[in-house]
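Structure first, commentary second.
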Amino acid sequence: MTFKRLIGVLAVVVLGTGGLSACGEDDAAEQALKGFVSAWQTGKLGGRKLADSNGSALTGDAAQTELTKTEGDLAARRPKVTIKGKPEIKKTSARATVTVAWPVTDAVTWTYDTTVRLVKRGDDWLPVFSPQTIVPNLPTGASLEATVTQADRGAVLDGAGQPLVTNKPVVVVGVEPQRITDQTVLIGVLKSVFTEIGVNVDLSTLPERIRTAASPTTFIEVVTLRREVYDTVRSDLRNVQGTVFREAVQPLAPTAAFARAVLGQTGEVTKEILDKNPGKYKAGDRVGLSGLQQKYDDRLRGGQGVTIKASEQVLFEAAPAAGQPVKTTLDVKIQNAADAALAAEARRSALVAVRVSDGAVVAVANGPGGSNLNLAFTAQVPPGSTFKMVSTYGLLEAGAVTLDTPVDCPATTVVEGRTFKNSDGLGALGTVPWRTAFAKSCNTAFVALAPKLGDNGLATAGTALGLGAKWDLGIETFSGKVSTGGSATEKAAAAFGQGTTVVSPVAMAAAAAAVARGRWKQPVLITDPAPASPAPDGPELKATTLDPLRTMMREVVTSGSGVALKGLAGAPLYGKTGTAEFDSADPTKTHAWFIGFKGDLAFAVFVENGGGGAATAVPLAGKFLQAAGV
């Protein structure tokens, strides 16, 4: 080989070796960078080989201590770190740009770029760690401080678009362990005061909460009272050793009872909610605890704002995103009328009002005291004789009766050995027109005609009036379940609302609205955000069926079991009373019902264990309709 050719071969070998060396350096630096970034993201630098800002060796454990201190309030929220391109290598040093995406709250991410340097020591590339690697230009010795700002809570609106819930002054009543001299006396006084003002507070867990308090000075919240309510018992509460108080503002409805079970309440996040939603809330957050406030909490709470500081220097700031409203169809005047009607009722009760023309739910009241249990929507109880509206619809539709079909109304009748009798003291009427049997609410006449409905006649009639349909009101609702088939005894009981048929007050109010309107329409409570899958409208109902049914419902008021409201002013009132047995061992225990429509308003009144519908529910309906002005 000539000398010239040898020199050429050697040049190729040297160049090739140099190229392989460069590729090897690139790969080693990149792998070191990736390892560091991965450890940074997980917050686990321990055991890694690193360098400090001066290029001296730094243990991973020392870096981990510094990282935790630097991250401060954000240490529990791990950032996502993304490498942008390959490291730039110059001899024994390299640098790379990375993007940090730090979820500083559930809704806000702080995104920025920073530079990671690397130095070569022997055969190793060591990432350079310092607080300024984590956040550029971070003041020396500083830790990140996060201040979260709560957004203004969205309003719950009425049908006119006006806020139903606004910020009002409240007093948070609590106890402080170190101030308590006699725990038994303290709890006794609290029980007495809360009973006096009609506020239901569960104090059964208070002793355990006091025993396990974090410190003797811990504020243990007991109840939040409207300022005007607190003022009436202020001296009683302050005179007992152990009580402490905090003044605040809180979103509240017009009155304590106002659609309480539907609107719901807000309050400090509970341990149960924290446990079910890890990372979503922190202790002290105010959240929806029940009703619409709970159902739509994410929408109403909005997005938190946050400010990130280090040594008073603002590094990042995001304003809170105000909560969005939830619009309901409630009418303030009609809701107040419903609440007032139930105000003096000590038994559990419910009143629902639905606008006939469009199905809007304009009032939802639950008693006593507004109650936290939404019986108006969720009760599953027998409808009693209010269901005669449904069974009569089925009999008329089948051509089994007319207004004047003569029927027997004995005081009692027997089916398969079971004796059926009339309710509310109604004796034998003899042979009367069907309209009279309906108006007087004769159970035995319905028992006799039950076979004409067949196995599915009641269910078909119920479906036409919306019972048992799949509803979506944007809140938990029971639409009813109608008896089908069964023995002759079951069919007889079902014909006048006993047996296995169960309904809710809102279901019966919607059925009454369907009779008034001529077509069933799912009730509507929430218009924004609109429910995802509301039930479609039912078919148009025949006038030849509805006209006689309406006539009979009118006669309930003019000459039947609802005659106490015969003189009610305004539009004509149509209705049907109900007395529903619910205890097979004691038939004297009955729920009281009255349903109907007046003008553009359909309604249902229910009183649990309230006795007879005519005696209990009818007067409540009268109070409501007069106050509502229909």
Here is a list of conditions, (1) out of contact with any Leu (no Cβ under 9 Å at 6 or more places or on another chain); (2) part of a strand (DSSP E or B); (3) within 23 Å of residue 435 (Cβ to Cβ), and residue 555 meets all of them except one; can you say which number that is? (2)
For the stretch 345-358, give me each residue that is surrounded by fewer than 24 Cβ atoms within 10 Å (Cβ to Cβ) and either touching a helix residue (DSSP H, G or I) at 6+ places or on another chain (Cβ under 9 Å) or within 18 Å of residue 506 (Cβ to Cβ) (or both). 345, 347, 348, 355, 356, 357, 358
Per the filter on the stretch 81-94, residues more than 44 Å from the chain's Cα centre (by Cα), in a strand (DSSP E or B) and surrounded by fewer than 16 Cβ atoms within 10 Å (Cβ to Cβ) are 84, 85, 86, 88, 90
For residue 75, state whether it is touching a residue at least 24 places away in the same chain (Cβ under 8 Å) and out of contact with any strand residue (DSSP E or B) (no Cβ under 9 Å at 6 or more places or on another chain). yes
Which of (1) surrounded by fewer than 18 Cβ atoms within 10 Å (Cβ to Cβ); (2) part of a loop (DSSP other than H, G, I, E, B) is the odd one out, the single condition residue 154 does not satisfy? (1)
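Table: residues versus (1) buried (at least 19 other Cβ atoms within 10 Å of the Cβ); (2) under 29 Å from residue 608 (Cβ atoms).
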| residue | (1), (2) |
| --- | --- |
| 472 | no, yes |
| 475 | yes, yes |
| 481 | no, yes |
| 493 | yes, yes |
| 502 | yes, yes |
| 529 | no, no |
| 562 | yes, yes |
If I go through the stretch 423-439 residue by residue, how many of them are under 27 Å from residue 589 (Cβ atoms) and surrounded by 20 or more Cβ atoms within 10 Å (Cβ to Cβ)? 4
Does residue 535 meet the test of being more than 17 Å from residue 574 (Cβ to Cβ) and touching a Leu at 6+ places or on another chain (Cβ under 7 Å)? no
Of everything in the stretch 35-63, what is in contact with a Leu (Cβ under 9 Å, 6 or more places away or on another chain), surrounded by fewer than 19 Cβ atoms within 10 Å (Cβ to Cβ) and in a helix (DSSP H, G or I)? Give them in sequence order. 60, 61, 62
Six or more apart or on different chains, Cβ atoms under 8 Å: show the pairs whose first residue is in the stretch 592-616 and within 17 Å of residue 570 (Cβ to Cβ) and assigned to a strand (DSSP E or B) and whose second is modelled with pLDDT under 95 and of a type outside the set (Gly, Ala, Ser). 598/630; 601/630
Looking at (1) surrounded by 19 or more Cβ atoms within 10 Å (Cβ to Cβ); (2) modelled with pLDDT of 95 or more, find the lone condition where residue 320 falls short. (2)
Counting just the residues of the stretch 398-433 that are in contact with a Cys (Cβ under 8 Å, 6 or more places away or on another chain) and of a type in the set (S, T, N, Q), which one comes out farthest from residue 491 (Cα to Cα)? 431
Residues of the stretch 365-392 satisfying the condition of being at pLDDT 95 or above and assigned to a loop (DSSP other than H, G, I, E, B): 374, 379, 380, 382, 383
Please list, ordered by first then second residue, the pairs with beta carbon atoms under 7 Å, 6 or more apart or interchain, first in the stretch 217-242 and more than 21 Å from residue 178 (Cα to Cα), second assigned to a helix (DSSP H, G or I). 233/193; 233/196
Within the stretch 296-311, of all residues that are part of a helix (DSSP H, G or I) and either surrounded by fewer than 18 Cβ atoms within 10 Å (Cβ to Cβ) or of a type in the set (Val, Ile, Thr) (or both), the one modelled with the lowest pLDDT is 298
Being of a type outside the set (D, E, K, R) and either surrounded by fewer than 14 Cβ atoms within 10 Å (Cβ to Cβ) or in a helix (DSSP H, G or I) (or both) is the filter here; which residues of the stretch 113-143 pass it? 115, 122, 131, 132, 133, 134, 136, 137, 140, 141
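The values are calculated or read from the model by the stated rules, or taken from the named source; none is laboratory data. Since we're looking at a predicted model, the values are computed, not measured. All Cβ positions, glycine included, derive from the backbone under ideal geometry; neighbour counts span all protein chains shown.
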